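The values are calculated or read from the model by the stated rules, or taken from the named source; none is laboratory data. These numbers were taken from a predicted model, which means no experiment stands behind them. All Cβ positions, glycine included, derive from the backbone under ideal geometry; neighbour counts span all protein chains shown.
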Amino acid sequence: MIWWAEQPGRAQSERNAIGDLAERSPWLANVEMRLVGTQLAFDFDLEIGERRIPLTLIYHDFFPDAAPSILARDRELLSGHQYGPSGELCLQHRPDNWTANITGAMMIESAHRLLADEDETGRPAPADHRTTRAQRMRYSAFRFLFSKDTLAGLGSLAEGQVAEGEMQEQDVAGTYVAQLSRIGPADAPLWRESKKRGGHVRSFRAVVLRVPADGGRASKDFDELKALLWAHGYPALATDLKDSSELVGILLFDGQRIHVPMVFGDPGARKLISYDAIFAEPDGVRLDPTYERLKAAKVAIVGCGSVGSKVAVQLARSGVRNFVLVDGDVLSAGNLVRNELDWRSVGVHKAPALGARLTEVNADCTFTARTNPLGGQESGAMAAATMAAIETCDLIVDATADPAVFNLCSAIARRAEKPMCWGHVFGGGAGGIVVRLRPGFDPTPLTARRRIEAWYAEQGVDWPDDGSAKPYEETGTGDIPLIADDADVSVIASHLSRFAIDLLARPEATSFPYPAYVIGLSDRWLFTAPFDVRPIDLGESGAWGGEPGSGDIEALKGLLSDLTAKKTDEG
């Protein structure tokens with residue numbers, strides 16, 4: 001898009017306005033119009049004091065909807081309000097306050113005011129805007145994360161104390177992010193970081209120094225760091241660093257500020273990189289206070305595929321810290337179209353891979369991964385151990401859409417009187433269903449499923465016969481894969497997560513008046529439009545638990561009597 005060709009009238013008015021400004025302003029000289037590629041530009045000189053400053057005004061392609069730029073033609077740093085010697089001046093009119101009625105002539109006037117004021121006072125002009133932390137860090141490739149816990153660990157050192165330690169670093173999209181993982185020796189640390197970064201990290205030696213107040217400062221090179229160490233009474237450390245070829249992170253803490261130079265290179269020719277210290281604590285409360293209950297909850301995710309992986313991660317983001325993850329499958333490349341995992345986990349069993357992902361999202365997460373397929377051809381002992389692990393959880397989430405697995409999860413939930421959620425994505429992007437069942441409030445899972453199937457039949461609308469998964473079948477038929485994209489799956493998984501969070505955060509005061517919702521994502525089957533939602537009333541609660549009848553009690557007494565008698569005889 002060439003704006004001046006599409007809006008020649010505006011281009012001519014811009015030219016006239018700059019010409020009029022030059023005629024009435026003795027400080028503006030040598031105005032010339034030219035093209036920079038296809039961009040319209042004006043070269044001009046500002047006369048300020050004894051100086052003549054050459055500048056260029058460039059109209060970008062989206063003018064007048066976007067601000068033009070004024071740059072120093074000689075690539076000179078002219079002001080503190082400039083994005084580097086080659087960068088543009090930060091003026092009164094900027095992208096954050098731009099309106100289309102502002103002209104290039106007004107930009108030139110703003111540049112003159114800025115440079116004339118600074119020339120007169122000898123100081124940078126007052127700033128009327130603030131840059132964000134992210135803007136300030138834009139060109140920082142080396143960053144050191146610390147928290148209140150890190151400061152507490154550093155604060156435990158006495159002034160003048162030196163301690164060995166360890167740092168960990170991770171390359172994330174070309175940005176090197178480091179953390180202090182411990183202070184002190186590995187076998188007897190004085191402090192250890194509890195929230196380490198997940199994924200692949202490299203570890204290296206660190207030296208931690210508690211220096212006097214205002215005694216730490218950034219060093220531009222190794223010689224300056226060496227002089228600083230000598231000044232604080234660490235000549236041996238300075239010599240050791242000079243003669244070593246080891247990569248060493250130095251952490252200087254003066255009680256308030258942290259400086260982190262990294263030393264590397266050959267002996268006698270050591271180099272230094274300074275890391276920008278970043279306080280990594282959460283900035284404010286972002287979750288409902290009732291979510292505090294989620295921290296003590298233990299959740300079983302049965303099925304770590306497209307739905308289960310998303311639900312697990314959403315629960316971890318919401319505060320759940322303890323998971324039992326059950327899935328016997330291995331992640332394939334084909335799963336990536338809608339699984340929460342990525343290429344790094346292809347070829348890995350889904351359950352442990354998902355567990356590793358949870359620790360990346362929430363460093364407080366712990367998990368038990370079970371890689372045997374529930375209900376599959378496995379040893380009875382292994383199946384029993386997996387069912388026992390599920391039984392210990394406060395909530396069971398069945399995300400398999402497998403009837404056999406559903407039956408086993410239902411049995412565990414009913415017998416242990418544990419709440420259960422499940423979800424099912426319909427084929428062809430039609431939608432899905434989410435269900436939540438609470439002992440004592442809702443029917444048992446098997447009863448609920450029968451009532452849901454009866455509700456489907458009552459609608460009187462047949463499922464389109466296209467081979468995709470029906471709402472009352474498992475997610476695929478034969479070798480036909482489920483046709484649903486990541487957005488379809490994410491909608492259903494998110495609603496299932498909302499049910500799970502509601503159960504854990506508000507166990508006796510649910511936000512959902514119905515225990516089941518059929519959610520439409522297109523105008524197929526019984527849905528009249530996308531986002532057509534149909535609640536299902538599942539009726540009265542069923543008989544949860546395993547309360548024995550009178551005959552069962554008598555049979556149990558007889559069994560215990562026989563076992564006791566046998567043990568007595570063997571003794």
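Restricting segment 313-326 to residues that are in contact (Cβ under 8 Å) with a residue 60 or more places away in the chain and not β-branched (Val, Ile, Thr) leaves a set whose member that is surrounded by the most Cβ atoms within 10 Å (Cβ to Cβ) is Leu315. Residue count for segment 484-539, restricted to those that are more than 27 Å from Asp462 (Cα to Cα), within 22 Å of the chain's Cα centre (by Cα) and in a loop (DSSP other than H, G, I, E, B): 0.
Results for (1) without any contact (Cβ under 8 Å) to a residue 12 or more places away in the chain; (2) closer than 22 Å to Val177 by Cα; (3) in the same structural domain as Ala72 (by TED's automatic domain parsing), shown as yes or no for each residue.
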{"position": "Arg94", "(1), (2), (3)": "no, no, yes"}
{"position": "Trp98", "(1), (2), (3)": "no, no, yes"}
{"position": "Thr121", "(1), (2), (3)": "yes, no, yes"}
{"position": "Phe142", "(1), (2), (3)": "no, yes, no"}
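The numbered conditions (1) outside the structural domain of Leu374 (by TED's automatic domain parsing); (2) among the polar types (S, T, N, Q); (3) under 16 Å from Ala369 (Cβ atoms) are all true for Asn322 except (1). When you look at Thr239, is it of a type in the set (S, T, N, Q) and touching a helix residue (DSSP H, G or I) at 6+ places or on another chain (Cβ under 8 Å), yes or no? No, not satisfied.
The sole residue among Asn30, Asn16 that is modelled with pLDDT of 95 or more, part of a helix (DSSP H, G or I), in the same structural domain as Pro126 (by TED's automatic domain parsing) and not small (Gly, Ala, Ser) is Asn16. Screening His424 with (1) modelled with pLDDT of 95 or more; (2) within 18 Å of Tyr517 (Cα to Cα) gives one miss only, at (1).
Evaluate the following for Leu89: is it assigned by TED's automatic domain parsing to the domain that holds Asp119, modelled with pLDDT of 95 or more and buried (at least 19 other Cβ atoms within 10 Å of the Cβ)? Judged against the criteria, Leu89 is not a match. I'd like the residue in segment 203-251 that is basic (Lys, Arg) and at pLDDT 90 or above and, out of all such residues, is nearest to Leu180 (Cα to Cα). Here the residue is Arg205. Those helices (runs of 4 or more DSSP H) of segment 147-255 in which 1 or more residues are farther than 25 Å from Glu281 by Cβ occupy 222-231, 235-243.
All conditions but one from (1) part of a strand (DSSP E or B); (2) within 13 Å of Ala105 (Cα to Cα); (3) in contact (Cβ under 8 Å) with a residue 40 or more places away in the chain apply to Ala41; the one that does not is (3).
Yes or no, residue by residue, for (1) in contact (Cβ under 8 Å) with a residue 40 or more places away in the chain; (2) surrounded by fewer than 18 Cβ atoms within 10 Å (Cβ to Cβ); (3) more than 24 Å from Lys271 (Cα to Cα); (4) not hydroxyl-bearing (Ser, Thr, Tyr):
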{"position": "Pro189", "(1), (2), (3), (4)": "no, yes, yes, yes"}
{"position": "Ala206", "(1), (2), (3), (4)": "yes, no, no, yes"}
{"position": "Gly215", "(1), (2), (3), (4)": "no, no, no, yes"}
{"position": "Asp221", "(1), (2), (3), (4)": "yes, yes, no, yes"}
{"position": "Leu225", "(1), (2), (3), (4)": "yes, no, no, yes"}
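Screening segment 354-462 for strands (runs of 3 or more DSSP E) wholly inside it with 2 or more residues that are under 30 Å from Phe527 (Cα atoms) returns the ranges 395-398, 420-425, 431-437. Any residue at all in segment 489-501 that's at pLDDT 90 or above and in contact with a Phe, Trp or Tyr (Cβ under 6 Å, 6 or more places away or on another chain)? No, there is no match, as no residue in segment 489-501 is at pLDDT 90 or above and in contact with a Phe, Trp or Tyr (Cβ under 6 Å, 6 or more places away or on another chain). Put simply, of Asp398, Asp394 the only residue that is acidic (Asp, Glu), under 22 Å from Arg321 (Cβ atoms) and surrounded by 21 or more Cβ atoms within 10 Å (Cβ to Cβ) is Asp398. For the residues Glu281, Glu292, the requirement of being closer than 30 Å to Ile501 by Cβ and either aliphatic (A, V, I, L, M) or assigned to a loop (DSSP other than H, G, I, E, B) (or both) singles out Glu281. Regarding Ser156, is this residue modelled with pLDDT under 90 and among the polar types (S, T, N, Q)? For Ser156, the condition - modelled with pLDDT under 90 and among the polar types (S, T, N, Q) - is not met. Just wondering, is there one or more residues in segment 260-277 that are touching a Lys or Arg at 6+ places or on another chain (Cβ under 6 Å), in contact (Cβ under 8 Å) with a residue 12 or more places away in the chain, among the β-branched types (Val, Ile, Thr) and part of a strand (DSSP E or B)? Looking through segment 260-277, at least one residue is touching a Lys or Arg at 6+ places or on another chain (Cβ under 6 Å), in contact (Cβ under 8 Å) with a residue 12 or more places away in the chain, among the β-branched types (Val, Ile, Thr) and part of a strand (DSSP E or B).
The single residue among Leu35, Leu57, Leu114 that is at pLDDT 90 or above and touching a Gly at 6+ places or on another chain (Cβ under 6 Å) turns out to be Leu57. Summed over segment 529-544, the residues that are more than 18 Å from Val491 (Cα to Cα) and either surrounded by 12 or more Cβ atoms within 10 Å (Cβ to Cβ) or hydroxyl-bearing (Ser, Thr, Tyr) (or both) give a count of 6. For segment 329-345, filtering for residues that are touching a residue at least 24 places away in the same chain (Cβ under 8 Å) and surrounded by 14 or more Cβ atoms within 10 Å (Cβ to Cβ) leaves 6. Scanning segment 162-183 for residues that are in contact (Cβ under 8 Å) with a residue 40 or more places away in the chain and exposed (fewer than 14 other Cβ atoms within 10 Å of the Cβ) gives no hits. Taking the conditions (1) surrounded by fewer than 19 Cβ atoms within 10 Å (Cβ to Cβ); (2) in contact with a strand residue (DSSP E or B) (Cβ under 7 Å, 6 or more places away or on another chain) in turn, Lys242 satisfies each one other than (2).
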